[in-house]
Each structure stands twice: as structure tokens, then as C-alpha cells.
1. Tell me yes or no: at least one residue of the range A:270-287 is under 30 Å from residue A:406 (Cβ atoms), among the hydrophobic types (A, V, I, L, M, F, W, C) and in the same structural domain as residue A:405 (by TED's automatic domain parsing).
2. Please pick out the residue among B:112, B:134 that is open to solvent by 30 Å² or more (accessible area, probe 1.4 Å) and either among the aromatic types (Phe, Trp, Tyr) or within 14 Å of chain A (Cβ to nearest Cβ) (or both).
3. Go through the residues of the range B:33-56 one by one and say whether even a single one is open to solvent by 10 Å² or more (accessible area, probe 1.4 Å), in contact with a helix residue (DSSP H, G or I) (Cβ under 8 Å, 6 or more places away or on another chain) and over 29 Å from residue B:207 (Cβ atoms).
4. Of the residues that sit in the range B:6-51 and are within 14 Å of chain A (Cβ to nearest Cβ) and in a strand (DSSP E or B), which one is farthest from ligand 1 (Cβ to nearest atom)?
5. What number of residues in the range A:179-204 are touching a helix residue (DSSP H, G or I) at 6+ places or on another chain (Cβ under 9 Å), aliphatic (A, V, I, L, M) and without any contact (Cβ under 8 Å) to a residue 40 or more places away in the chain?
6. Identify, from the list A:205, A:173, the residue that is assigned to a strand (DSSP E or B), touching a Phe, Trp or Tyr at 6+ places or on another chain (Cβ under 8 Å) and open to solvent by 20 Å² or more (accessible area, probe 1.4 Å).
7. Within the range B:84-95, work out how many residues are out of contact with any strand residue (DSSP E or B) (no Cβ under 8 Å at 6 or more places or on another chain) and at pLDDT 90 or above.
8. Would you confirm, using the coordinates I've provided, whether residue B:185 is open to solvent by less than 20 Å² (accessible area, probe 1.4 Å), at positive phi and either of a type in the set (A, V, I, L, M) or at pLDDT 85 or above (or both)?
Amino acid sequence: MRLPYELHLAYRNLTRHPGHTAAMMGGLGLAVLVMVYIPSTMSSFYDDLIDRAVEQNSAHVTIWPMEKTRGQMDNALRSRYGRSAVLSFTDRTFPRHRNLTGRQALAARAAETPGVVAVASFVKEDATISRGNVNLGTVIEGIKPEQYSRVVNIAVHFPQNRVPKLGPSDIAIGFRMAEKLGIHTGEHVHVATPKTHRLMRVKAIFRSGYYDKDMHHGFVSLRTAQRMFGMGNEVSALAVRCRNLEEAGTVSSALEGRMHNKVRNWMDDNASLLAEIATVNRVTTFIDVLVALVASVGMANVFSMFVLNRQKELAILRAVGASRASLKMILLIEAMFIWVVGTIIGCTLVLGVMAYEQKHPYTVSEETYGIGSYATHPVPEAFLVACTLAAVMMVASALWSGRRAAKLNPAEVIFGR
Amino acid sequence: MLLKVENLDKHFGGAVPLHILRDINLELAEREFLALVGPSGAGKTTLLNIISTLDAPTGGRVLIKDVDVHHLGQHALNRFRNRHLGFVFQDDLLLPHLTAMENVALPARISRRPTRQASRRAEELLEQVGLADRLKHRPGELSGGQRQRVNLARALVNEPALLLADEPTARLDQETSRGIVQLLGELNEQLGVTILMVTHERELTDRAGRVVEFLDGRIISDRRTKPVGSASNRKALQPANM
Ligand SMILES: Nc1ncnc2c1ncn2[C@@H]1O[C@H](COP(=O)(O)OP(=O)(O)OP(=O)(O)O)[C@@H](O)[C@H]1O
Ligand SMILES: [Mg+2]
């Protein structure tokens, strides 16, 4: 065997004071634990939020009719009297409905856009639901359950994770609305639109996790909705599912290029949530760096104590011919040893904590967040970052104290000057 | 000449500047055994530290094997010290967490000799100094005399051209110190190791072939008591009885 003596000495130094070494490894492990756990738990939470918001309650991308920015009258007046002479306003009482025309062709064009995996059409209009003397403003969404489920995973909100078949007079309502109306599956409600009024049977009660949706939302079949709102064969919009969330941006701009419609993606719809996530990411990064810094200072201290306590030995080594590089190497090997074991300890601990959370998830306010509970799941990037930071700080503190060790004058140390 | 000390001067700065070594000139041939004697504070250790390259002179130079050691670069100096010099100091400079054998093998391993070869050599040397049954003991588990012998074995592991010993018998009882000095004598006579030893105790200088007396940083006498390399029979050393 031709093991370098630096390795041998490093090993001996570490095993000399097992308690001391274990404490360093444990300390590093805890730092790794914190550095993995904080970003992981935050990103797990926000992943769940996004999952709830985007995957289960809205489409990645939606295609709407183009809104006229200004009325024709507006434009005519402007061209006649000049820009500054005309004050334009929107009359909110005036029905502004415009439906999506030529949806078959649009859907076909959307479907063949790269990155798109499913397209569904839907109607979304306002109505009133009443039972007895309770009236509730409601968004009525007309869908083809099969088709729509492929775009938005609403199935998970329904009993048995299945969206029921919706007949001509069937409606599915949220559980809060059902409670408010005091109604159960199979009973009837009145649904009034500006054009019609009908009695509908509650086919199913869903639970979306969103307060508003659970209180003010009803699903009916697409055809029924078209009749209720007198839309003929038109729909309100198309919902599009992309291969993955991240592609929504490129897909939506590709779609914009292909059609004269308004295209929105989930990032537009969840801008405030995304801004919040960005802030939280900044904070967790900051905490990570802070933990790494504090741990580095601690480690550097421990290492320099190490060096201080071993000054005489280091001087002896130098006296019998060890080079400065060898002294640094010994400290570096010790640091790497501590790093390997410490990160293994930290990662094992954090995986243990996560496994525990899977069994006992955190409960959070469902009304606020739309999710009732969440558990931290392992985020590979967090592990990578934490382990790298740990390595950097160990190497840094070893090199830092290594420099001090190398500066030792053997004679001064040995002869106690 | 193995060692040539030329016009060596050493000052120490500080509150009261001190002129410790004054124009020292000394030559040492191969296979010589020189004892440096003199009162406390004469500058013996200072001289030895400079020769062993652990300290730098203020003026003059030290040639070992015709190499001006104080003008070597950091790296070359480490190598030189490791390969050609062995030292035994009055404090035992052993690594407390290594066994006797590992301590002895250390300079050999620093010079990148294979582990097994280094260990075998260490074992042989420890046997020669009478510690065959203490190979796996740590310094804390050895007596002062035993530690000093481990130091000696370590000093010899790389077969140094020059062995420097600074009061190797200090703090030891007379019996033990005699044993150490006898061992040094045998090393010199039987293996032809060149030795430069500092000692306070005149009676221990009998073993040496040459005695240099030191006073106030100057050599005041230099006498040869035996011819160089008086014993040429290079038998294996018998372990000393200590
Ligand atoms: N680093 C230093 N700074 C200032 N003075 C020093 C230093 N090292 C040694 N001296 C002085 O140099 C003188 C000689 O010291 P040295 O250790 O060489 O003596 P010595 O002959 O070995 O004595 P001893 O027999 O007591 O060991 C002493 O007076 C000491 O005070
Ligand atoms: Mg001295």
C-alpha cells in the first residue's frame, strides 16, 4: 500500500478526539439540514399552491376572443376631432360579451402547436343559483367533462376522483355552496341566467380548496351552458394544456403568433403568486447564505483551534521535512472527511424529517391558501446547493487555517519563543 | 568535510539586542562524534538550531555536504532536512497520537518511501534502541528515556548524513542518560553516523571523539580525544540496557 502519509495523519487526527470530530460532523450535518430543509419546504409549499392553482383550477393557457380596445364610435370621433378631444369610457352595464367564433378551426390550430398536449372548449358566464330564499351569484362553467379533464385536473375535486357525466339538467356545485343552500346530491336548485331560468339537479358536490370556487361555482355540460346563455354553437374560450408548466410561456406566444385572439397563460393569471414566490426564494436564498456563513465562521474557528492546539505537532512535522503543502493537505483531507460524513448525516436527517412529514403533514388555512395541508418533499436542487455550500465552507475554512499553519515557524513553536 | 560553519553570527533583536554567536567557525568530518559543552546561555542550542536549518543566521553560512543550506528555497530546504539531517532535542518532539513505530516511520513516509518499507525500517530501528516490545505504544505510554530513544530512532530512519542531538539526556536520570549516550557512541562507532551533540554533563562527553567548549557565543577550546572513526567494525547494534 502506498497511501500518502497525509491521509494517514488526517485520519489519525480525526479519530484522536472522536467526540470533537463527531461534534463537527454533527454541526455540519445540522447546517446542511437547515440549508436543505428551508428551501425544500418553501418550494414544496409553493409547488402545491401552483399545482392547486394551475393544474387543478385553471388551464396552462387560455384563448379568448380579441377584445376591441376601443369602440368604433370612439375611433370615428377620434379621427374626426383629434385624439385629445375625445374622452373614452367603458359602460360596464352594456353587455360586452363576445364569444369565441370558429372554435373548431381554432382548436385544431392550437392542438397542432408544438408543446400543446390537449385542448378543451368551455363556456364561462354569470348566473344566479337559488333555493328557497337563498340566492347566490354563481359562475357557470360549461364543459365536456372528459375533454376538459384532460386539460385541467378537476377530477381530483370530485368524489372518487371522477367528474360525473353531466346530463342536460345536471349541475355540479361546490361544497360551500351546497352547505349554504342546505342541499345534497340529487336535490334540485334554480339556475337563472339573463335569458333563461331552469330547475337543475345537483349531480355532484366538489371541493376545490378555493373558497370562492367552492362557494360560487357550478359545472354544467357545455351544451347546456350554450343553451342557458343563448350562445348557439359558440363558446367563451379554449383551455390548453402544455407538456409542462414551464413551457406555457413559449406556447402562449406561439399561439399568439398563430391566431388573432387574446392568449393568456397561467403566469399572467397568477402574477401575484409568482411575485410572492420570487420574494420567498430570495429570502430562503438569503437564509441559506446566512446559515452557510455562520457555519463557515464556526467551522473556520474550530479549524483554527485545531491548528492552534496542534501547533507543536505541525511544527514537528515541518521540522522532520513535511512541506507546507502537506500541512494544508492534511487539513483539507480532514475537512473533506468531515464534509462527507456531515453531509451524509444532514441529508439523512432531512430525509427523515420529510418522511415524517409525509405521514404527519402540516395543516395550513385552506381558505387562505387553497390547500389544507402540505408536506415537504425532497427538492434535488436544495440538496445540491446545500452540499456544495457545505463543501465550499469546509474547503475555505481548511485553507484559511492551513495558511496559518503554513506560516508557523517551526523553530519558534518548538523552542517556545 | 560534511559540515562547515563559516563566520557564523547570530543577533537577537528585541528590547535588549543580543549578540549570541560571534564569528563561529567549525568543521566536522564524516564519522566524527563531537560533543559541544558550555555553560547555560552560551549559545549552544542557538548554534544547533541554525545548523539544523530551523533558525537562520544573522551572518556567515553553514555548508552541509557542500550545500549552503540557508540559501535553499523553502521546498528544497524541507527535502534537505528530511533526507540528510536527523535531530534529537531535549524535549521529545513526538506526535502524541501516533504509535512509536508510526512516529519513527514518519520522516520516511514524508520522503514518500512505501509504507511497508518505512514500517519495516522503523521496526528495525526500534529494535536496535531496545524498544522491540513497545512498537504499538504511544508516547504517553512510554517513559522519558523510552521516548528519547524513539526520538533517536526517528532521527535515524532516513539514514541522515548528520545527526544533531541537543541535550538528548536532559531530564533523564543518570543511568538512562548513560544508556542514550552509549547508544549514540555505538551508532557512531559501529554504523559510522556523524554526530554533533550538545550536553551539559561533561562526564557524558567521554564517548565523543572530540569536545568543543563554548562560552559567550565563542568557541574557547576544541580537543580531539580519539581519532576519527576509531571503530570500523560495523556490527549490528546491541540494544542498550535501559
Ligand atoms: N529568540 C531569542 N530571542 C532573544 N534571545 C534569545 C533567543 N533565543 C535565545 N536567546 C538568548 O541566547 C542566549 C543563548 O541561548 P541558547 O539557548 O543558545 O543557550 P544554551 O547554550 O543552549 O543554554 P542551555 O545550556 O541553558 O540550553 C541566551 O542568553 C538566550 O537568552
Ligand atoms: Mg540549550
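1. Checked the range A:270-287: no residue is under 30 Å from residue A:406 (Cβ atoms), among the hydrophobic types (A, V, I, L, M, F, W, C) and in the same structural domain as residue A:405 (by TED's automatic domain parsing).
2. Working: B:134 fails: either among the aromatic types (Phe, Trp, Tyr) or within 14 Å of chain A (Cβ to nearest Cβ) (or both).
Sole residue among the options that is open to solvent by 30 Å² or more (accessible area, probe 1.4 Å) and either among the aromatic types (Phe, Trp, Tyr) or within 14 Å of chain A (Cβ to nearest Cβ) (or both): B:112.
3. Checked the range B:33-56: at least one residue is open to solvent by 10 Å² or more (accessible area, probe 1.4 Å), in contact with a helix residue (DSSP H, G or I) (Cβ under 8 Å, 6 or more places away or on another chain) and over 29 Å from residue B:207 (Cβ atoms).
4. Checking each candidate, the answer is B:10.
5. 2
6. Residue meeting the stated conditions: A:205.
7. Restricting attention to the range B:84-95, the residues satisfying the condition of being out of contact with any strand residue (DSSP E or B) (no Cβ under 8 Å at 6 or more places or on another chain) are B:91-95.
Adding the requirement that they be at pLDDT 90 or above leaves B:94-95.
Number of matching residues: 2.
8. no
The values are calculated or read from the model by the stated rules, or taken from the named source; none is laboratory data. Quick caveat, the model's predicted, so the values are computed rather than measured. Note that we place each Cβ from the backbone using ideal geometry, even for glycine, and neighbour counts take in every protein chain shown. Just so you know, the surface numbers come from the protein's heavy atoms only, side chains and all, with ligands and any DNA or RNA stripped out. Shrake-Rupley method; radii C 1.70, N 1.55, O 1.52, S 1.80 Å.
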